[in-house]
Amino acid sequence: MIHVKGKVDDKEYEEPFSKGILARSLNIADIGSEEAYRIATDIELYLIKKEINIITIEDLTNLVIDFLNDQYPAFVNKYIKWRTIRKTNEPLIILIGGASGVGTSSMAFELANRLGIKNLISTDMIREVMRKIISKDLSPVIHKSSFNAYESIRTPTIRKDPIIEGFINHVDVVTVGIEAIIERSLKEGISIIIEGVHIVPGFIKEELMKKDNIIEFTLIVENSEIHKGRFYSRCRQPWVKRSLQTYLDNFEAIRKTQNFMIKQAEKYDSHIINNVDVINTIDLMIDDIVERCKGTSK
């Protein structure tokens, strides 16, 4: 039996070689499940032929890179980037914000699959939990949507657009829950992706955002017609309960919240990505994550 030797916290360990696990790591590099399993099988056969019973993780990684260079050179960089992310000492906390309809949920799901991150939570779910804790009388804005929270402001000011004022109040409340999840993830060493309209640059504690392993993205859709079209696509799904008309009636308010998020992202140096092409968006996010991970790798 072939064993793989590694090290955790300066303690060496051995585990049986698994072509299933290796295939999953190759699939994360976007090579495709069938081809990933075939390469993993070829590597296993190579090790058997060479009578290699023990191989270090580093040597196995180099062997994978050699196989990819020979058969799938276009995927080598993606695999190397994934290995860089895997070597980080700290859990990854990835925050993906954006106005309603820009695709934060879809991109979070795709990124989680690519990176092998099992924990993913929507800020809408955080808001729902907080609604059970905080009564409508105490915080009426949280019981509204982000784009129409202004309807519940008791004493609006004249300094801000009421839509933006309502949005700010809405985000302020949910951010408390977001920070609690981030702090828990850091304490427990759990990598997680948090996505949703409530991830707005400048709202989460500065002491958290200074950490290299907490990475924030702001997704936008520059073209208003493309943005509007996303709601038609979303509402075709049978499980979507909110009507298309609700989004269309509030579309200008949603675009205002996006403009506010762009200004905040520019002010706080959050990476703004025009989310039109899925592959391009994921690649841009991974490039940023790899760059940040260099500071937290062994």
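Check whether at least one residue in the stretch 196-208 is under 23 Å from the mean Cα position of the chain (by Cα), surrounded by 20 or more Cβ atoms within 10 Å (Cβ to Cβ) and at positive phi, and report yes or no. Yes, because at least one residue in the stretch 196-208 is under 23 Å from the mean Cα position of the chain (by Cα), surrounded by 20 or more Cβ atoms within 10 Å (Cβ to Cβ) and at positive phi. Of all residues in the stretch 11-48, those satisfying the criterion of being surrounded by fewer than 14 Cβ atoms within 10 Å (Cβ to Cβ) and either touching a Pro at 6+ places or on another chain (Cβ under 6 Å) or of a type in the set (Phe, Trp, Tyr) (or both) are Tyr13, Tyr46.
Exactly one residue out of Glu58, Glu14 is in contact with a Lys or Arg (Cβ under 6 Å, 6 or more places away or on another chain) and more than 30 Å from Lys256 (Cβ to Cβ): that is Glu14.
Of the residues making up the stretch 203-222, at least one is among the basic types (Lys, Arg) and in contact with a helix residue (DSSP H, G or I) (Cβ under 9 Å, 6 or more places away or on another chain). Residues in the stretch 59-84 that are under 23 Å from Ile117 (Cβ atoms) and not basic (Lys, Arg): Leu60, Thr61, Val64, Ile65, Leu68, Phe75, Val76, Asn77, Tyr79, Ile80, Trp82, Thr84. Pairs are defined by a Cβ separation below 8 Å, a sequence spacing of at least 6 or placement on different chains, a first member in the stretch 153-175 that is assigned to a loop (DSSP other than H, G, I, E, B) and hydrophobic (A, V, I, L, M, F, W, C), and a second member that is buried (at least 22 other Cβ atoms within 10 Å of the Cβ) and modelled with pLDDT under 90; the pairs so defined are Ile153/Val141. Residue count for the stretch 245-288 satisfying the condition of being surrounded by fewer than 14 Cβ atoms within 10 Å (Cβ to Cβ), over 22 Å from Phe167 (Cα atoms) and either assigned by TED's automatic domain parsing to the domain that holds Trp82 or touching a residue at least 60 places away in the same chain (Cβ under 8 Å) (or both): 2. Annotation: of all residues in the stretch 231-257 being more than 12 Å from Ala99 (Cβ to Cβ) and of a type in the set (A, V, I, L, M), the one that is modelled with the highest pLDDT is Leu248. For the stretch 49-59, the criterion of being within 20 Å of Thr88 (Cβ to Cβ), in contact with a Leu (Cβ under 7 Å, 6 or more places away or on another chain) and buried (at least 18 other Cβ atoms within 10 Å of the Cβ) is satisfied by no residue at all. Evaluation of Ala40 against the conditions (1) in the same structural domain as Pro201 (by TED's automatic domain parsing); (2) over 18 Å from the mean Cα position of the chain (by Cα) shows that the sole unmet condition is (1).
Set side by side, the residues Ile21, Ile43, Ile48 differ, and just one is in a helix (DSSP H, G or I) and out of contact with any helix residue (DSSP H, G or I) (no Cβ under 9 Å at 6 or more places or on another chain), which is Ile48. Pairing residues of the stretch 52-73 that are assigned by TED's automatic domain parsing to the domain that holds Ala40 with residues that are basic (Lys, Arg) and surrounded by 15 or more Cβ atoms within 10 Å (Cβ to Cβ), at Cβ distances under 8 Å and at least 6 apart in sequence or on separate chains, gives Ile54/Lys5; Ile55/Lys5; Thr56/Lys5; Ile57/Lys5; Thr61/Arg83.
The values are calculated or read from the model by the stated rules, or taken from the named source; none is laboratory data. Just so it is clear, the model here is predicted, and its values are computed rather than measured. Methodologically, a virtual Cβ is constructed for each residue, glycine included, from the backbone with ideal geometry; neighbour enumeration extends over all protein chains shown.
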